[in-house]
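What follows is a short report on a single structure.
The values are calculated or read from the model by the stated rules, or taken from the named source; none is laboratory data. Every value quoted in this text rests on a predicted model; they were computed, and no experiment measured them. Here the Cβ positions follow ideal geometry from the backbone for every residue, glycine too, while neighbour counts run over all protein chains shown.
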Amino acid sequence: MAQTIKANWGEADIPDQTGKVILITGANSGLGYEATRMLAGKGAHVIMACRDAAKADAAVAEIRKGWPTGRMDVIALDLADLDSVAGAAERVKALGVSRIDVLINNAGVMMPPKRLTTKQGFELQFGSNFLGHFALTRTLFPLIAANGRIVNVASIADRRGDIRWDDLQWTTAYNPSASYGQSKTANLLFNLGLTERLAKAGSGITAVAAHPGVAVTNLANNSILGRWLWLLKPMVALGIGPKSHSAAKGALPEVYAATAEIEPGAYYGPADRFTGPPARAEKDRSAHSADAQSAERLWAIGEQLTGAPFKI
């Protein structure tokens, strides 16, 4: 029987999160900022895992204008540096935290015009969006509560690119859009592989995925779309541009996945694919993002490239 989700589920429907610890990557801007604001407002202790501490502190100050008692802590995390990722668990423990109830793998890099690389030499989008989160989830896994959740944020851009198995790092013929699509396909395949392993292990931890539809955030500033933002933003504001919604609306599917009634391995996104309240979104994913054999192959690659096995 298909899952029923309340029509027009919104911020007012977020369950009380008092006592829960939620770690969000990329929490200082865009979807991550909005998710932090919503969840801190509902009583969660939010750990904001961010690359830029100054921007994260500014985000905390802004959120506290609306929620003065909101509990938020910042830890340094650069997903483009596996050494930084490796130290994440110790930085969480240094806060006095011994349990994470929800891990939201939210941060992302989108379509830089030129091929860029991580500290370890991986193509930036594949290295940050997938490998960084793969390694982070492995590193933090011992801290995930027995009935915890792992939310992997993907994108409808997975349709733009299957895994380029013969050149994962786009060393030739770099294509910003297709490589971004590959990284989001990888996020969905990671969620598929994680769900399978959790089920086989009889774990009470649940993995789910979510996408924001088309949300207006600053993610596009440094992308191939950046040169058009001066035109696109006013068009969207007037209701005549590409179909899109706000960062706050775009964050709702991942917040739903983190807090509401879910099914293991499910995919959540806007009801109308591009916009709308949270709904089941399996129809939005490409066939190559749901391939079990590809998920197994990618998991092995993730272990190899990040330098350690991920056993559950």
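Worth pointing out:
- Once the stretch 184-214 is narrowed to residues that are hydroxyl-bearing (Ser, Thr, Tyr) and in contact (Cβ under 8 Å) with a residue 60 or more places away in the chain, the residue that is nearest to Pro270 (Cα to Cα) is Thr185.
- Residues that are without any contact (Cβ under 8 Å) to a residue 12 or more places away in the chain and within 13 Å of Phe122 (Cβ to Cβ) within the stretch 160-170 comprise just one, Asp167.
- Residues in the stretch 63-89 that are of a type in the set (Val, Ile, Thr) and in a strand (DSSP E or B): 2 in all.
- In the stretch 179-192, the condition of being more than 16 Å from Ile301 (Cα to Cα) and either loosely packed, with under 15 Cβ neighbours inside 10 Å or among the aromatic types (Phe, Trp, Tyr) (or both) is met by at least one residue.
- Just one residue in the set Thr206, Thr195, Thr217 is out of contact with any strand residue (DSSP E or B) (no Cβ under 8 Å at 6 or more places or on another chain), among the β-branched types (Val, Ile, Thr) and either crowded, with 18+ Cβ neighbours inside 10 Å or modelled with pLDDT of 85 or more (or both); that residue is Thr217.
- The residues listed here are Val97, Val92, Val60; of these, the one that is of a type in the set (A, V, I, L, M, F, W, C), within 23 Å of Val208 (Cβ to Cβ), over 16 Å from the mean Cα position of the chain (by Cα) and assigned to a helix (DSSP H, G or I) is Val92.
- Residue check for Phe130: in contact with a Gly (Cβ under 6 Å, 6 or more places away or on another chain) and part of a helix (DSSP H, G or I): no
- Scan of the stretch 154-177 for residues that are in a helix (DSSP H, G or I) and either buried (at least 19 other Cβ atoms within 10 Å of the Cβ) or of a type in the set (D, E, K, R) (or both), ordered by number: Ile156, Ala157, Asp158, Arg159, Arg160, Pro176
- Pairs, first among the acidic types (Asp, Glu) in the stretch 130-158, second buried (at least 20 other Cβ atoms within 10 Å of the Cβ), C-beta under 7 Å, six or more apart: Asp158/Gly181; Asp158/Lys184; Asp158/Thr185; Asp158/Leu188; Asp158/Arg285; Asp158/Ser289
- Check on Ala35, crowded, with 22+ Cβ neighbours inside 10 Å and in contact with a Phe, Trp or Tyr (Cβ under 6 Å, 6 or more places away or on another chain): no
- Taking the criterion of being in contact with a helix residue (DSSP H, G or I) (Cβ under 6 Å, 6 or more places away or on another chain), closer than 15 Å to Met38 by Cβ and at pLDDT 95 or above, the residues of the stretch 59-101 that qualify are Ala59, Ile63, Met72.
- Some residue of the stretch 18-33 being within 28 Å of Gly213 (Cβ to Cβ), of a type in the set (Phe, Trp, Tyr) and not in a loop (DSSP other than H, G, I, E, B): yes
- Here the stretch 1-17 is the region considered, the condition is being without any contact (Cβ under 8 Å) to a residue 60 or more places away in the chain and either in contact with a strand residue (DSSP E or B) (Cβ under 7 Å, 6 or more places away or on another chain) or not basic (Lys, Arg) (or both), and the residue that is surrounded by the fewest Cβ atoms within 10 Å (Cβ to Cβ) is Met1.
- Contact annotation: residue pairs with Cβ atoms under 6 Å, 6 or more positions apart or on different chains, pairing a residue in the stretch 18-34 that is farther than 11 Å from Ala56 by Cα with a partner that is acidic (Asp, Glu), are Lys20/Asp101; Val21/Asp101.
- Of all residues in the stretch 98-114, those satisfying the criterion of being buried (at least 17 other Cβ atoms within 10 Å of the Cβ) and either among the aliphatic types (A, V, I, L, M) or over 25 Å from Gly19 (Cα atoms) (or both) are Ile100, Val102, Leu103, Ile104, Ala107, Gly108, Val109, Met110, Met111, Pro112.
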